[in-house]
Structure formats: structure tokens, C-alpha cells
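*Asks:* Below is one structure. I have some questions about it.
Just so it is clear, none of the values below were taken in a lab; they were calculated from the coordinates. Note that this is a predicted model, so its numbers are computed, not measured. All Cβ positions, even for glycine, are placed from backbone atoms using ideal geometry, and neighbour counts span all protein chains on display.
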Amino acid sequence: MIEVKDIYKSFGDNEVLKGITADFKPGVTSLIIGGSGSGKTTLMKNMVGLHEPNSGKVLYDGRDFTSMDMQERIEIRKEIGMLFQGSALFDSMTVERNIRFPLDMFTNQSKAEKLERVNFVLERVNLAGKNDLYPSELSGGMMKRVGIARAIAMRPKYLFCDEPNSGLDPKSSIMIDELLQEITQEYDITTVIVTHDMNSVMGIGEHILFLHQGQKWWEGSKDEITSTDNKELNEFVFATKLMETLLKKK
Amino acid sequence: MVFYHFGKYILMLKAVFRRPEKISIYKNEVFKEMVAIGLGSLGIISIISVFIGAVTTVQTAFQLTSDLIPKSIIGSITRDSTILELSPTICSLVLAGKVGSSIASQIGTMRVTEQIDALEIMGINAPGYLILPKLLGGVIMIPILIVIAIALSIVGGYLAGVASGAVTANEFTQGLTTDFIPFTLVVALVKALIFAFIITTVSAYQGFFTNGGAIEVGNSSTKAVVISCIAILVSDYIIAQLLL
């Protein structure tokens with residue numbers, strides 16, 4: 001479980017996070033949603049240590065990540081997988097090397113064992129046999145799936161995804177969402193997804209955190225989100241033309 | 001501002017020299033960088049060096065109008081100029097442009113495409129993994145390139161001198177072997193080592209702390225070259241003052 005306790009973060013005079021507290025449970029797909037500039041990516045970066053909070057704590061199964069030194073953090077980070085918005089695959093490496101990279105760095109497995117793991121995760125993301133392709137030869141959706149494969153290669157306990165659907169067509173987007181949810185449940189991973197995609201919210205939003213102006217504005221599930229009377233959340237949820245049209249038809 | 005960047009640069013170097021996660025992977029990266037920096041720059045360094053030597057010889061001969069000065073001095077001047085100054089400094093300035101801009105743009109692109117964040121999330125010491133192999137590749141290969149440059153400059157000087165009739169082959173060779181001070185080679189190698197360190201680390205610093213997108217990567221690359229060139233010239237003067 002990941003516990004975020006009273007996180008504050010400013011950039012100069014701009015206070016981006018204003019005391020956010022939340023729990024993220026294993027085996028549950030948690031979504032952090034909100035408009036642009038609401039602080040969702042900053043919250044995620046504070047959780048994984050890419051940004052340092054001004055105050056507050058992040059606990060990984062009770063271990064206080066924020067007060068750890070670099071070496072202790074490295075140990076926790078070996079348990080973290082992350083899918084970046086742009087996939088962040090290493091351009092100079094093939095798909096296989098990208099996925100094998102953390103295994104090469106941190107395990108003493110034999111070549112055959114590593115290859116077996118690479119092939120397993122590639123199969124898991126429906127990309128079997130794509131080992132020798134370079135990132136430049138992949139489509140956006142395939143890059144995301146390789147990103148997921150790399151993120152789960154080390155069997156992480158915690159999985160973070162920053163806008164996993166950005167730049168994808170609706171079909172690929174749904175495929176990525178379903179894959180993330182399956183992996184979360186199958187391996188009992190604590191998954192935190194930053195998104196503003198309402199399809200994802202309605203599809204896999206078991207636990208949703210809505211941020212507004214750097215504060216936790218609402219927390220609930222996809223079943224509760226359409227029936228809430230929270231004004232800002234409703235404005236966010238029903239902002240798309242599609243939703244508007246569907247509601248009118250109703 | 002200067003102190004802020006200098007402090008950040010020192011902290012980055014501290015992270016660069018942290019114990020590598022796996023030596024074998026770093027070793028492979030060092031070999032790759034040695035090939036990229038060494039073999040990749042050999043062509044341009046060879047061409048520049050031959051012409052540096054040729055021009056030095058022709059211009060020295062042009063200025064030696066007195067019959068009282070033996071022509072063999074042209075060989076000595078070409079030798080000492082290329083060993084002490086022209087080969088290490090001009091080649092390093094060229095390498096700052098070629099290798100430095102490449103390092104800054106490679107690392108800068110990795111920064112803006114979140115590849116460095118990905119390394120850090122995996123628990124990898126990103127400055128160590130990205131910069132140490134380039135630094136080692138540079139400090140191994142740039143002195144070798146400078147030694148090759150010195151040799152080619154002297155060959156270029158010899159060919160230009162003999163071809164233009166400014167000096168005979170015997171006179172040039174006599175000049176080369178007269179009053180040679182081996183310590184000048186040590187000075188050249190010290191310069192090469194320090195310049196290599198400057199080129200790789202200053203460029204890596206500029207790339208590593210790039211913020212933004214493609215335009216900022218370009219700016220980092222330009223800054224890397226400009227700052228490396230200035231740092232090379234300043235340290236050139238300091239080394240000359242200290243060692244000669």
C-alpha cells in the first residue's frame with residue numbers, strides 16, 4: 001500500500017500541491033484525475049521521488065520514502081515500475097534490450113532466464129516476437145505496451161502510469177487500460193494512474209482521486225462519479241461533447 | 001549564478017563517481033564511447049592536424065627572412081608549436097564542437113523525453129550510467145587523438161615545407177631532432193587529459209540539466225560548446241603558467 005500524507009509542493013511562489021492525503025491499495029487500479037495544472041503529475045512525481053515535497057510524507061508499505069537517503073530509495077525503486085507519458089523507451093536499444101535493461105542491472109539471472117522473462121512480459125502485452133525492433137519502428141500504442149512490459153519486468157509491487165492513453169486512438173486506449181487493470185489484479189500490484197481520459201475513468205476507475213487547484217477535491221469510484229453533486233468534478237466529467245450529447249439523448 | 005552552476009556541476013560529478021551498479025555494463029558502455037569519440041573523430045582530427053602543421057611550416061618560413069637564422073629552425077618551431085599548443089588546443093576546440101555538442105544533445109534529448117527519469121525510477125544512478133562512460137571514453141581517447149594529431153602535424157609540416165621549397169627534408173629533420181625537450185610532450189598530454197575532462201563533463205552537465213523541448217536541447221548543445229571552448233582556453237593558460 002502507498003500512503004500519501006499531507007503533501008505540499010511549491011515551485012517558487014506557485015503552490016501546486018496543497019496538503020494532499022490519500023491511500024492507494026494493492027490490487028486496485030487508482031486513478032488520479034483533474035484538469036490541466038491541477039497537480040496530478042506533480043503528485044505522482046512527488047510520490048516516486050522525481051520531485052521532493054516541501055512537506056508531507058510518502059509511505060511504501062509503512063516505509064517512509066521521503067526521509068530515506070539515496071541508497072535506501074534505490075532499494076524501494078527496484079520495487080517500482082513506471083510507464084511514462086511518452087513511453088521513455090531508450091532509443092538506442094531494441095525492445096528486448098529495453099525490457100532486459102533493469103534485469104541486466106539488478107539481477108544475476110542467466111541470459112536464458114532473462115530472455116525467458118522478456119518473452120513472457122512481451123507475450124503478456126501482446127507483442128511476442130517484437131524483440132529486435134527499435135522504438136522508432138513502433139507505433140504509439142506498441143511503445144506504450146513495451147513501456148508496460150519494461151515496467152513489469154522486475155515484478156514491481158507498485159506501478160505508476162503517467163497519462164498512459166495520451167496520443168492513442170480509442171481502441172488502443174481501451175486495450176492499454178484493460179491491460180493495466182489485468183496486470184494490477186493478477187500480480188496484486190498497487191497501481192496509480194494519472195489521466196484525464198474519461199474513458200479510462202469509466203472503464204477501470206476502481207478508486208478515483210479528483211484534484212482541483214492542488215487539493216483533493218473528491219474521492220470515490222467510477223460508480224459514484226456520475227452521481228456526485230460536486231460542481232467542479234461534474235464540470236470535469238461532463239466537459240466532453242460526447243458526454244454532453246449522450247446526456248441530452250438521455 | 002556562476003557559483004550556483006559550479007556547485008551543481010560538482011554535485012553532478014560526485015554522483016558520476018558513485019559506485020556503478022554493475023561494472024560489466026559500464027565497461028561495455030565505456031568501449032562504445034571510446035569507439036564513438038576516438039574512431040568517430042579520427043578523420044576530422046587527421047585532416048585538421050595535417051593542415052595545422054603545413055600552415056605552421058609555411059608561415060614560419062615566410063617570417064624567417066634573415067640568412068643568419070638556419071632553415072632547420074623551421075622544423076623546431078613546427079615541432080614545439082604543434083606539441084605545446086596547436087595540436088592539443090586546436091584539436092580540443094574542434095572536439096568540443098564535435099564530441100561536446102553530441103554529448104549535450106544526446107543527454108539533453110534523454111532528459112526531455114523522460115529517459116533519464118526512467119533510469120532514476122529503475123533505481124539506476126543516471127549521472128553515473130550516462131556520464132561516467134563518456135568521461136572515461138574521452139579521457140582515454142582524446143589524449144590518443146592528440147598524440148596522433150601531433151604526429152600528423154609534423155608530417156604535414158614536413159610535406160608542406162619540402163613541397164614548397166621553404167625547407168629541405170634534411171633541414172626539417174635536423175630541426176625536428178635538435179634541442180627536443182621531452183617534457184613538452186608531458187605538457188601536451190596533461191593538457192589533453194584536462195581538456196578531455198572539460199569537454200565531456202561540461203557538455204554532459206549542459207545536457208543533463210536541460211529543461212523543456214527541442215529548442216532547449218539545441219541551446220544546451222550550443223552552450224556546451226561555448227563554455228567548453230572558454231574553459232579550454234582558460235585552463236590552457238593556467239597549465240602553461242604552471243608547467244612551463
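*Asks:* Would you list which lysines come within 29 Å of A:Lys130, measuring only between C-alpha atoms, while excluding same-chain residues fewer than 8 positions from it?
*Replies:* A:Lys78, A:Lys111, A:Lys114, A:Lys144, A:Lys157, A:Lys171, B:Lys22, B:Lys27, B:Lys32
*Asks:* Please list, or write none, the lysines whose alpha carbon is within less than 25 Å of the alpha carbon of B:Lys8, excluding same-chain residues fewer than 8 places away.
*Replies:* A:Lys9, A:Lys45, B:Lys98, B:Lys134, B:Lys191, B:Lys223
*Asks:* Once the other residues with Cβ under 10 Å from the Cβ of A:Asp61 are scored (Lys, Arg +1; Asp, Glu -1), what is the net sum?
*Replies:* On the way: positive: A:Arg63, A:Lys157; negative: A:Glu3, A:Glu79.
Around A:Asp61, the charge tally is 0.
*Asks:* For a quick check: with amide H placed at 1.01 Å from N, whose amide H comes under 5 Å from A:Trp217's, ignoring anything fewer than 5 positions away on the same chain?
*Replies:* Under 5 Å from the amide H of A:Trp217 lie the amide H atoms of A:Phe210, A:Leu211, A:His212, each far enough along the sequence or on another chain.
*Asks:* Using only the alpha-carbon atoms, what does segment A:91-155 span along each of its principal axes? Please give whole angstrom values in decreasing order.
*Replies:* 32, 23, 18
*Asks:* I need the calculated FRET efficiency for the pair A:Arg97 and B:Phe180, taking r as the beta carbon distance and R₀ as 51 Å, to the nearest 0.05. Kindly include the intermediate steps, with their values, before the conclusion.
*Replies:* Details: r = 50 Å, r/R0 = 0.98.
That pair, A:Arg97 with B:Phe180, gives E of 0.55.
*Asks:* All other residues with a Cβ under 15 Å from the Cβ of A:Leu168 taken together, and with Lys, Arg as +1 and Asp, Glu as -1, what is their net charge?
*Replies:* Net charge around A:Leu168: -3.
*Asks:* Something else about it: Grab the other residues whose beta carbon is less than 10 angstrom from that of A:Thr195, score K and R as +1, D and E as -1, and report the net. Show your work: numbers first, answer last.
*Replies:* Working: positive: A:Lys40; negative: A:Asp162, A:Glu163, A:Asp177, A:Asp197.
With Lys, Arg at +1 and Asp, Glu at -1, the neighbours total -3.
*Asks:* For the peptides A:86-93, A:136-143, B:191-198, A:189-196, what is the packing order when you average, over each peptide's residues, the other Cβ atoms within 10 Å and list the highest mean first?
*Replies:* Details: A:86-93: 18.9, A:136-143: 15.1, B:191-198: 22.6, A:189-196: 24.9.
Result, highest mean first: A:189-196, B:191-198, A:86-93, A:136-143.
*Asks:* Right, another one. Report the dimensions of chain A along its three principal axes from the alpha-carbon atoms, largest first, rounded to Å.
*Replies:* 56, 47, 32
*Asks:* Now for a separate question. Quick one: compute a quarter of the convex hull surface over the Cα atoms of segment B:143-244 and quote it in nm². Please list the in-between numbers first.
*Replies:* On the way: hull surface 35.2 nm².
Result: 8.8 nm².
*Asks:* Working out 0.36 nm times the residue gap between A:Asp64 and A:Asn199, then minus their Cα-Cα distance, what length gain in nm do you get to one decimal?
*Replies:* On the way: separation 135, 0.36 × 135 = 48.60 nm, distance 3.38 nm.
Additional length available on full extension: 45.2 nm.
*Asks:* Would you work out if segment A:128-198 is rounded, prolate or oblate? Take a ≥ b ≥ c from the square roots of the eigenvalues of the alpha-carbon gyration tensor; rounded if a/c is under 1.5, else prolate when a/b is larger than b/c, oblate otherwise.
*Replies:* Working: a/c = 1.94, a/b = 1.16, b/c = 1.68.
The shape class here is oblate.
*Asks:* Quick one: A:Asp162, A:Asp132, A:Asp64, fewest Cβ neighbours within 10 Å first, how do they rank? Display every interim value, and only then the final one.
*Replies:* Working: A:Asp162 23, A:Asp132 10, A:Asp64 13.
Least crowded to most crowded, the residues run A:Asp132, A:Asp64, A:Asp162.
*Asks:* Give the order of A:Arg145, B:Arg111 when sorted by the count of other beta carbons within 10 angstrom, beginning with the fewest. The partial results should precede the final answer.
*Replies:* Details: A:Arg145 27, B:Arg111 22.
Placing the least packed residue first, the sequence is B:Arg111, A:Arg145.
*Asks:* Something else now. Roughly how far apart, in whole Å, are the Cα centres of segment A:88-102 and segment A:42-86?
*Replies:* For segment A:88-102 versus segment A:42-86, the Cα centre distance is 23 Å.
*Asks:* Over segment B:27-243, what per residue volume does the convex hull of the Cα atoms give, in whole Å³? Intermediate values should be presented prior to the final figure.
*Replies:* Working: hull volume 27.0 nm³, N = 217.
Spelled out: Cα convex hull of segment B:27-243, divided by residues, is 124 Å³.
*Asks:* Run the reach check for A:Lys222 against aspartates and glutamates, Cα to Cα strictly under 13 Å, same-chain hits fewer than 8 apart removed. What comes back?
*Replies:* A:Asp197, A:Glu206
*Asks:* Arranged by the count of other C-beta atoms within 10 angstrom, fewest first, what order do A:Ser30, A:Ser10, B:Ser76 take?
*Replies:* Details: A:Ser30 22, A:Ser10 15, B:Ser76 19.
Lowest to highest Cβ neighbour count: A:Ser10, B:Ser76, A:Ser30.
*Asks:* Can you compute the modelled spin-label distance between A:Glu116 and A:Lys171, with each label point 7 Å from Cα toward Cβ, in nm?
*Replies:* 3.6 nm
*Asks:* Where does segment B:85-154 land on Rg/Rh, using Cα atoms and the Kirkwood Rh?
*Replies:* Working: Rg = 15.5 Å, Rh = 13.7 Å.
Result: Rg/Rh = 1.13.
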